[in-house]
Amino acid sequence: MSKKIKIGLFGFGTVGRGLFELLRDVPTPNVSIEKICVRDISRDRGVNARFTDSADEIFNDPEINFIVELIDDADASFEIVSRAIKKRLPTVTGNKKMLAHKLPQLIQLQKEYNSTLLYDASACGSIPVIRNLEEYYDNDLLISVKGILNGSSNFILSKIFNENMSHSSALELARREGFLESNPTLDLDGWDSLFKLVIIGVHAFGVYVNPDKVFNYGISHMNDNDIRFANEKDRRIKLVAHVEKLFDNRLVMCVIPQLISKNKFIYSVEDEFNGVVIKGLFYDKQFMFGRGAGARPTSSAVLSDITASLYNYRYEYKKMNHSQSLPVFTDDISFRIYVRYNDPVDLGLLHFDEIYESYSSKGYNYIVGLVSLRSLHASREALNARNVFLAAYPGD
């Protein structure tokens, strides 16, 4: 193959360094990193590479014909990616926060400049979920996409439930292993999963939903009582992202801890792995599984996006462009949840349509009941400010 990809790389953090080492250790003849843009050029990074702190130096280099953006600043990421698209340079990004907020603009820019942006690595680490949604599930049979999209939080939960590790010890281990974002609340509070879910929603159902409209809740407030409750019910707590098209063409999305029973696929997804269940008419459920955190798994997904450009691959946004009737986003749906609280005043933050179970003692209080997603979303900030933990509690 005569086509050569010469990369201008932005960012040399966990994934950027992982990509550099991957190309060094597993040579790819048609792909090379020509120059790397970083904030602090004075730091010794211990590798033989050409570094710069000037974006202009990369964009004005006639040898560079491909941009890879792997920084954690969403605003700077959008500036780099949109500039690359306007220069008609094929681009790969891993910044899911930027994509979740700017995807409509980026799609329009790609059309306007006839350029290519790929970002499979942004959604599920090593699992090529976006490409599969684009190519295999490119019809109206799809019903839902549900799963564990954040390997870091799953690693922590696995250590807690399988090894009786404390929350703080599991968090520190995840940090040492390089699984956490630079801001760990992105992982623990469900933001990382939310951003990925918004991206998946575009490719699964052709609908862009602003992240501000989608309820997300994480595991930061989980404590020993919640873990004991899950064990007593023979379940595990998993942080689950879920998008589903209802029978009346409405679309629901949320990220929330769930009490998962043993007969569910994602019950056995452990450590830093992701697991995605895709459900559709006639083919029922299909399961995708792979590493979702860490330098090598994510950088391998970045490399897959890069090499796809050797074959001129691009997203066609098939559902968005060709579907006859796109579903309409709603949060007008109720489901069963477990709520652990300290102060009875906390219950005033939620409106229960129905209560199935309750318990109260000096150190532990909980309610299991039916609550609307709209009610949860309206109370999200207040719930996060209180010592409250909640988890969806689906049937078996």
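The values are calculated or read from the model by the stated rules, or taken from the named source; none is laboratory data. As the structure is a computational prediction, the values presented were derived from the model and not from experiment. So basically every Cβ, Gly included, is an ideal-geometry build from the backbone, and we count neighbours across all protein chains shown.
So the values come out like this:
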{"read-out": "Subset of the range 22-64 that is out of contact with any Leu (no Cβ under 9 Å at 6 or more places or on another chain) and assigned to a helix (DSSP H, G or I) - its residue that is surrounded by the most Cβ atoms within 10 Å (Cβ to Cβ)", "value": "ALA55"}
{"read-out": "Per-region count, the range 90-149, residues assigned to a loop (DSSP other than H, G, I, E, B) and either closer than 16 Å to SER309 by Cα or not aliphatic (A, V, I, L, M) (or both)", "value": "16"}
{"read-out": "Test: VAL243 is buried (at least 22 other Cβ atoms within 10 Å of the Cβ) and among the hydrophobic types (A, V, I, L, M, F, W, C)", "value": "yes"}
{"read-out": "Check on SER153, at pLDDT 90 or above, over 18 Å from the mean Cα position of the chain (by Cα) and among the polar types (S, T, N, Q)", "value": "no"}
{"read-out": "Criterion (more than 24 Å from PRO128 (Cα to Cα) and of a type outside the set (D, E, K, R)) met by exactly one of PHE265, PHE273, PHE247", "value": "PHE247"}
{"read-out": "In the range 333-348, residue surrounded by the most Cβ atoms within 10 Å (Cβ to Cβ) [restricted to those that are charged (D, E, K, R) and at pLDDT 95 or above]", "value": "ARG340"}
{"read-out": "Filter result for LYS264 (touching a residue at least 24 places away in the same chain (Cβ under 8 Å) and among the basic types (Lys, Arg))", "value": "no"}
{"read-out": "Residue selected from the range 72-89 under the condition more than 17 Å from ILE7 (Cα to Cα) and assigned to a helix (DSSP H, G or I), by the criterion farthest from the chain's Cα centre (by Cα)", "value": "GLU79"}
{"read-out": "So VAL302, is it farther than 15 Å from GLY94 by Cβ and of a type in the set (Val, Ile, Thr)", "value": "no"}
{"read-out": "Tally of residues being more than 13 Å from LEU23 (Cα to Cα) and small (Gly, Ala, Ser) across the range 296-321", "value": "2"}
{"read-out": "Elements of type helices (runs of 4 or more DSSP H) in the range 304-396, at least 2 residues being under 30 Å from LEU103 (Cα atoms) and not assigned by TED's automatic domain parsing to the domain that holds ARG228", "value": "318-322"}
{"read-out": "Selection count, the range 34-49, where residues are touching a residue at least 12 places away in the same chain (Cβ under 8 Å) and either over 16 Å from ILE71 (Cα atoms) or basic (Lys, Arg) (or both)", "value": "6"}
{"read-out": "Output for the range 75-97, where each listed residue is in contact with a Leu (Cβ under 9 Å, 6 or more places away or on another chain) and either on the phi > 0 side of the Ramachandran plot or of a type outside the set (Lys, Arg) (or both)", "value": "SER77, PHE78, VAL81, SER82, ALA84, ILE85, PRO90, THR91, VAL92, THR93, GLY94, ASN95"}
{"read-out": "Candidates TYR393, TYR317, TYR359 - the one that is surrounded by 18 or more Cβ atoms within 10 Å (Cβ to Cβ) and at pLDDT 90 or above", "value": "TYR393"}
{"read-out": "Candidates SER193, SER182, SER169 - the one that is surrounded by fewer than 24 Cβ atoms within 10 Å (Cβ to Cβ), small (Gly, Ala, Ser) and at pLDDT 90 or above", "value": "SER169"}
{"read-out": "Positions within the range 207-244 being among the charged types (D, E, K, R) and more than 20 Å from the chain's Cα centre (by Cα), in sequence order", "value": "ASP224, ASP226, ARG228, GLU232, LYS233, ASP234, ARG235, ARG236"}
